[in-house]
Amino acid sequence: MAKLFDCITPELQDFIHNQQLFFVATAPMSLTGHINLSPKGLDTFQILSPTQVAYLDLTGSGNETSAHLQENGRITFMFCAFQGTPKILRLYGSGRTVLPTHSDWPNLSKYFADIPGVRQIITADIERVQTSCGFGVPYYQHQGPRDTLIQWAEKKGQDGLQAYWREKGQISIDGLPTPFGHALDSQTSEES
């Protein structure tokens, strides 16, 4: 049933590319802190090498992933086959947040389409690759991506997004700071 791999094999890369949805999980070190699990779509996931991945992180209601990565780096990605042969793929690794002001941004951002509402790129070095059966995962038919988030970001505009990020992106629900929050603080200081 479960199989372990040293890296993301070409077969697993094909599997990832064929999925329309993936999940990201992170958690704080505190036993009382909240585990974060987020669904992602819109063709935002890229395989950089057999042991490194990245995804374009769009504006959301919080910034838990970034806060958790800054605290401890732990991250897990999960892909499920909702059509065809059943399979679940998990990628376990160590992640970090790359902000638009970081020197790695130009090299990483070239892998992604320019999508309104982008706030950061999350990268991860993959340490464990594991598949499992997925026999209990139901069939679902993909009808297409939602454009609601893109329309929302376009309507907000860059100034509106900056204000939203200041309100919602600087700390986690458990009070952990995010690198994004530090960047906004620095930018505000430079503008003053």
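The values are calculated or read from the model by the stated rules, or taken from the named source; none is laboratory data. The structure presented is a predicted model; accordingly, all values stated were derived computationally and were not measured. We place every Cβ from the backbone using ideal geometry, glycine too, and count neighbours over all the protein chains shown.
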Identify, by number, the condition in (1) of a type in the set (S, T, N, Q); (2) more than 13 Å from Ile126 (Cβ to Cβ); (3) out of contact with any helix residue (DSSP H, G or I) (no Cβ under 8 Å at 6 or more places or on another chain) that Thr76 doesn't meet. (2)
Please pick out the residue among Gly117, Gly144 that is small (Gly, Ala, Ser) and either within 30 Å of Asn72 (Cβ to Cβ) or under 16 Å from the mean Cα position of the chain (by Cα) (or both). Gly117
Quick one: in the range 87-121, which of the residues that are closer than 27 Å to Val137 by Cα and aliphatic (A, V, I, L, M) is surrounded by the fewest Cβ atoms within 10 Å (Cβ to Cβ)? Ile88
For a quick check of your reading of the model, give me the residue pairs whose first member lies in the range 1-29 and is crowded, with 18+ Cβ neighbours inside 10 Å, whose second is in a helix (DSSP H, G or I), with beta-carbon atoms closer than 7 Å and at least 6 apart or on different chains. Val24/Thr65; Thr26/Glu64; Thr26/Thr65; Thr26/His68; Thr26/Leu69; Ala27/His68; Pro28/His68; Pro28/Glu71
So Tyr111 fits all but one of (1) modelled with pLDDT under 95; (2) part of a loop (DSSP other than H, G, I, E, B); (3) of a type in the set (Ser, Thr, Tyr); what number is the exception? (1)
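Being of a type outside the set (A, V, I, L, M, F, W, C), part of a strand (DSSP E or B) and out of contact with any Lys or Arg (no Cβ under 8 Å at 6 or more places or on another chain) is the filter here; which residues of the range 114-127 pass it? Let's see the steps before the verdict.
Our first condition is that a residue be of a type outside the set (A, V, I, L, M, F, W, C); within the range 114-127, this holds for 114, 116-117, 119-120, 123, 125, 127.
Within this subset, residues satisfying the condition of being part of a strand (DSSP E or B) are 119-120, 123, 125, 127.
Scanning the range 114-127 gives Arg119, Gln120, Asp125, Glu127.
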Tally time: how many residues in the range 84-108 are part of a strand (DSSP E or B) and not aliphatic (A, V, I, L, M)? 7
Of the residues that make up the range 140-149, is at least one modelled with pLDDT under 95 and of a type in the set (A, V, I, L, M, F, W, C)? yes
